[in-house]
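Bear in mind that the values in this text are calculations on the coordinates, not laboratory data. Keep in mind it's a predicted model, so treat the numbers as computed, not measured. In this analysis, Cβ positions are derived from the backbone assuming ideal geometry, glycine residues included, and neighbour counts consider all displayed protein chains.
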Amino acid sequence: QVQLAESGGGLVQPGGSLRLSCAASLSETIFSINDMDWYRQAPGQQRELVARITRGGTTNYADSVKGRFTISRDNAKNTVYLQMNSLKPEDTAVYYCHAESLEILGVTPRGHWGQGTQVTVSS
C-alpha cells in the first residue's frame, strides 16, 4: 500500500554534503502520510532515529546531527528530504526512510520502511 524509494546516498569526504530523498508511492486505500523519518544504522550498531518531521512541519533531530542536518518534506509529492552538511566519518551508515500512513476510514497509523541507502564519509 505504501512503497518508499530512497536516493542520494554515496561517498563523500569529511566536511562535505549530501541530500537524501525519499518518495512515497501510495495506493488508493491510503488517506494520508503523517510523520516521515530518517533512521540510520552503522555496522554492529542499532538503528537510530536521525530526524523526524510531522505532516505540519514540526521537526526533531538527534543530538549528534543538530545544526548539521535538515529534514524537510513536500506533502504534495509525499516526499521527505534530508540535507546533510558538515558530514563526519561517524555519520557513515545505511540511511533508511520511514513513513507513517493512515488508511481511508482508518484509526491506527502503519509504519513503512524504505530499502536504505549507503552514506560513506571518508577521506
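Overview of values
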item	result
Residue match in the stretch 38-49 (condition: assigned to a strand (DSSP E or B), touching a Ser or Thr at 6+ places or on another chain (Cβ under 8 Å) and hydrophobic (A, V, I, L, M, F, W, C))	no
Residue in the stretch 61-80 that is nearest to Trp113 (Cα to Cα), counting only those that are of a type outside the set (A, V, I, L, M) and in a loop (DSSP other than H, G, I, E, B)	Asn78
Selection from the stretch 81-91 of residues that are buried (at least 18 other Cβ atoms within 10 Å of the Cβ) and in a loop (DSSP other than H, G, I, E, B)	Leu87
Near pairs, Cβ below 8 angstrom, 6+ apart or cross-chain, from the stretch 41-52 (without any contact (Cβ under 8 Å) to a residue 24 or more places away in the chain) to any residue that is surrounded by 14 or more Cβ atoms within 10 Å (Cβ to Cβ) and not in a strand (DSSP E or B)	Glu48/Ala62; Leu49/Ala62
Members of the stretch 97-123 that are in contact with a Ser or Thr (Cβ under 8 Å, 6 or more places away or on another chain) and not small (Gly, Ala, Ser)	Leu102, Glu103, Ile104, Pro109, Arg110, His112, Thr117, Val119, Thr120, Val121
Residues being among the aliphatic types (A, V, I, L, M) and more than 8 Å from the chain's Cα centre (by Cα) - total across the stretch 35-49	2
